[in-house]
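The numbers here are math on the coordinates, done by the rules we state, and not lab data. Computed from a predicted model, the values in this text were never measured in an experiment. Don't worry about glycine lacking a Cβ; one is built from the backbone with ideal geometry, like all the others, and counts go over all protein chains shown.
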Amino acid sequence: MTNTKHITKKPSRALLRVLSELAEERGVSFAYPATAAAGRDEFERLKAIPREPKGFRRDDSTAAEASLAGSGDAASVGASEIVGYGSSARWRNSVEDDRDPDRCERCGYETTDRCRIGGRLSYRCADFTSCLNRRRSARRGR
């Protein structure tokens, strides 16, 4: 009777450590082997690659770290682009930010309260009751 069970030996921790050291020295990556035989083949492949000088590896890793630390997400909002904090935060150089009080579209009272209605910027009083009373008194005074 034949043995149908295949015995595969896993790579040792020492072999995996040596593979990672070799890959680091040569500046390449490697796939972790599933078997000891594949690990030996990977060892031979990495040994065939010439070493990079330590100074080059150090400069390369320093440059990569510096570029990652200095780069941010291009879509992120910078601290110099906003004014205010929390719910009162707004864009510093907004096209719509003219700082002049505009008139409420309902009562004509000066207000800086803005809202978007149907995609259009509108100026409306924040206090609807006061706005309504001003409109009523304006109608009576006519």
Phe128 to Ser80: extension gain in nm, 0.36 nm per residue of separation minus the Cα-Cα distance?
-> 13.9 nm
With a Förster radius of 30 Å, plug the Cβ-Cβ distance of Arg139 and Arg92 into 1/(1 + (r/R0)^6) and report the FRET value to the nearest 0.05.
-> 0.15
Förster-model FRET efficiency, 22 Å R0, Arg40 and Asp60, C-beta, rounded to 0.05 | 0.15
Between segment 32-50 and segment 122-142, the Cα center-to-center distance that results, in Å | 81
